[in-house]
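Asker: Handing you a structure now.
The values are calculated or read from the model by the stated rules, or taken from the named source; none is laboratory data. Keep in mind that what you see is a predicted model, and the values were worked out from it rather than measured. Every residue, glycine as well, gets a Cβ built from its backbone with ideal geometry; the counts of neighbours run over all protein chains shown. Side chains are part of the model used for accessible areas, which takes the heavy atoms of the whole protein and leaves out ligands, DNA and RNA. Shrake-Rupley method; radii C 1.70, N 1.55, O 1.52, S 1.80 Å.
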Amino acid sequence: MTHRVAVVGATGAVGQEILRTLEARGFPASEIVPFASERSAGRTLEGPGAGLVVQALSDEAIKGFDVALFSAGSATSEQWAPRFARAGAIVVDNSSQWRMDPEVPLVVGEVNPEAIDAHHGIVANPNCTTMQMVVALKPLHDAAGIERLILSSYQSVSGTGMKAINEMLGQAHALLHESDPAPAAVYPHQIAFNVIPQVESFKDGDDYTTEERKVVAETRKILGEPDLRISATCARVPVLVGHSESINLQTREDLSPERARELIAAAPGVQVLDDPANALYPLAIDVAGQDDVFVGRIRRDPSAERTLNLWVVGDNLRKGAALNAVQLAELLDERGLLGGAGATRAA
């Protein structure tokens with residue numbers, strides 16, 4: 001069976017990657033329709049989805065879809081995801097809008113695929129930082145149980161979008177040509193040749209950013225561990241694509257680095273790259289364009305019992321967003337949930 005697919009936010013960085021991934025993986029689509037803002041409506045796409053004409057969102061235009069892949073921000077998802085669901089589609093949403101809604105499953109294909117069966121018309125895609133981390137941690141959690149988790153992330157500018165990429169490149173170009181860069185507009189400070197210890201925003205009275213709070217809450221929900229002890233610090237770094245993470249985890253049962261490597265290497269969607277003596281470990285520049293998550297620097301933490309350190313790197317536009325969204329559409333298809341076969345629609 002083939003399906004009619006909507007891609008909402010098709011002109012953005014993740015939307016473009018979704019279109020590329022749908023084609024590369026051969027998703028059984030009878031038609032793919034790109035949606036974007038009124039400003040982009042009528043534009044003919046080049047690159048991924050070449051030849052497709054961008055549509056504006058309207059109640060009439062969204063009728064007749066089996067699945068809608070959203071990457072257009074929380075405001076658009078809040079307004080239009082329920083409308084798509086009422087019109088008969090199952091929505092896979094990349095924004096933070098629905099992730100912590102108790103009625104919306106938060107799903108990573110390699111971690112908790114069974115959760116997708118409980119959808120009510122909307123399925124949430126996790127935050128990119130959370131996504132690659134839980135793919136790497138799932139086999140360790142299954143084998144030994146995770147008791148405590150400390151994450152430090154180093155996140156690329158593509159996680160913010162095309163404006164951030166252009167701002168970083170513009171700043172770098174100016175500095176390399178001994179000129180003063182334009183004032184920072186996307187980030188609170190210059191990002192070129194800098195590290196900013198803030199991803200997203202601080203809410204009043206909270207010392208943690210909204211990104212850090214997302215990672216904590218989403219990890220607990222995906223792993224089914226509401227009381228998991230977890231802390232996160234998220235920084236923005238001048239890298240185009242690829243989020244890197246330093247993870248310190250304490251397990252309930254002792255787990256050697258050797259066994260951890262075996263478990264991770266045998267898990268789906270993740271690869272071990274761990275020979276530090278020969279300078280072999282995951283690098284953002286190498287994982288860009290890769291579907292898998294890569295793990296290296298697996299070693300014991302000598303300061304605490306039953307504790308390991310890991311270095312986890314993934315392409316934030318692919319597995320961190322677009323790939324998982326397409327994998328969830330594939331999962332819906334495989335489980336007979338598309339095309340009205342067992343789907344439960346939002347009220």
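Asker: Identify the single condition in (1) surrounded by fewer than 15 Cβ atoms within 10 Å (Cβ to Cβ); (2) among the charged types (D, E, K, R); (3) part of a helix (DSSP H, G or I) that Glu178 does not satisfy, given that it satisfies every other one.
Answerer: So the condition that Glu178 fails would be (3).
Asker: For segment 245-302, name all the residues that are polar (S, T, N, Q), within 27 Å of Thr21 (Cβ to Cβ) and not in a strand (DSSP E or B). So that I can check it myself, show each step before the final result.
Answerer: As a first pass, look at segment 245-302 and keep what is polar (S, T, N, Q): 246, 248, 250-251, 256, 271, 278, 290.
Applying the additional criterion that residues be within 27 Å of Thr21 (Cβ to Cβ) yields 271, 290.
Within segment 245-302, Gln290 is the sole residue that qualifies.
Asker: Another question, then. Identify, please: which residue in segment 43-74 is among the hydroxyl-bearing types (Ser, Thr, Tyr) and more than 22 Å from the chain's Cα centre (by Cα) and is, among those, most open to solvent (accessible area, probe 1.4 Å)?
Answerer: Thr44
Asker: For Trp98, all conditions in the list (1) touching a Lys or Arg at 6+ places or on another chain (Cβ under 6 Å); (2) open to solvent by 10 Å² or more (accessible area, probe 1.4 Å) hold save one; what is the number of the exception?
Answerer: (1)
Asker: Here is a further query. With respect to the numbered conditions (1) within 25 Å of the chain's Cα centre (by Cα); (2) under 27 Å from Lys163 (Cβ atoms); (3) not in a helix (DSSP H, G or I), which one is the sole condition not fulfilled by Thr21?
Answerer: Status for Thr21: all satisfied but (3).
Asker: If you check Glu103, Glu114, which single one turns out to be outside any strand (DSSP E or B), within 16 Å of Ala217 (Cα to Cα) and open to solvent by 40 Å² or more (accessible area, probe 1.4 Å)? Let's see the steps before the verdict.
Answerer: Details: Glu114 fails: within 16 Å of Ala217 (Cα to Cα).
Glu103 is the lone residue from the list that is outside any strand (DSSP E or B), within 16 Å of Ala217 (Cα to Cα) and open to solvent by 40 Å² or more (accessible area, probe 1.4 Å).
Asker: Among the residues of segment 201-244, write down those that are within 29 Å of Gly170 (Cβ to Cβ) and of a type in the set (Phe, Trp, Tyr).
Answerer: The answer is Phe202, and nothing else.
Asker: Before we move on, is Gly336 more than 23 Å from the chain's Cα centre (by Cα), under 27 Å from Arg20 (Cβ atoms) and surrounded by fewer than 18 Cβ atoms within 10 Å (Cβ to Cβ)?
Answerer: yes
Asker: Suppose we keep only residues that are crowded, with 20+ Cβ neighbours inside 10 Å and of a type outside the set (A, V, I, L, M) within segment 75-95. Which one would you say is farthest from Thr129 (Cα to Cα)?
Answerer: Within segment 75-95, the match that is farthest from Thr129 (Cα to Cα) is Phe84.
Asker: Could you list, in sequence order, all residues of segment 1-42 that are in contact with a strand residue (DSSP E or B) (Cβ under 7 Å, 6 or more places away or on another chain), over 17 Å from Leu328 (Cα atoms) and either among the acidic types (Asp, Glu) or open to solvent by 30 Å² or more (accessible area, probe 1.4 Å) (or both)?
Answerer: Thr11, Ser30, Glu31, Glu38, Ala41, Gly42, listed by residue number.
Asker: Which members of segment 237-261 meet the condition of being surrounded by fewer than 18 Cβ atoms within 10 Å (Cβ to Cβ) and more than 25 Å from the chain's Cα centre (by Cα)?
Answerer: Arg252, Glu253, Asp254, Ser256, Pro257, Glu258, Arg259
Asker: If the Cβ limit is 7 Å and pairs must be 6+ apart or interchain, which residue in segment 60-71 that is part of a loop (DSSP other than H, G, I, E, B) pairs with which residue that is of a type in the set (D, E, K, R)?
Answerer: Final answer for the pair search is Ile62/Arg83; Gly64/Arg4; Phe65/Arg4; Asp66/Arg4.
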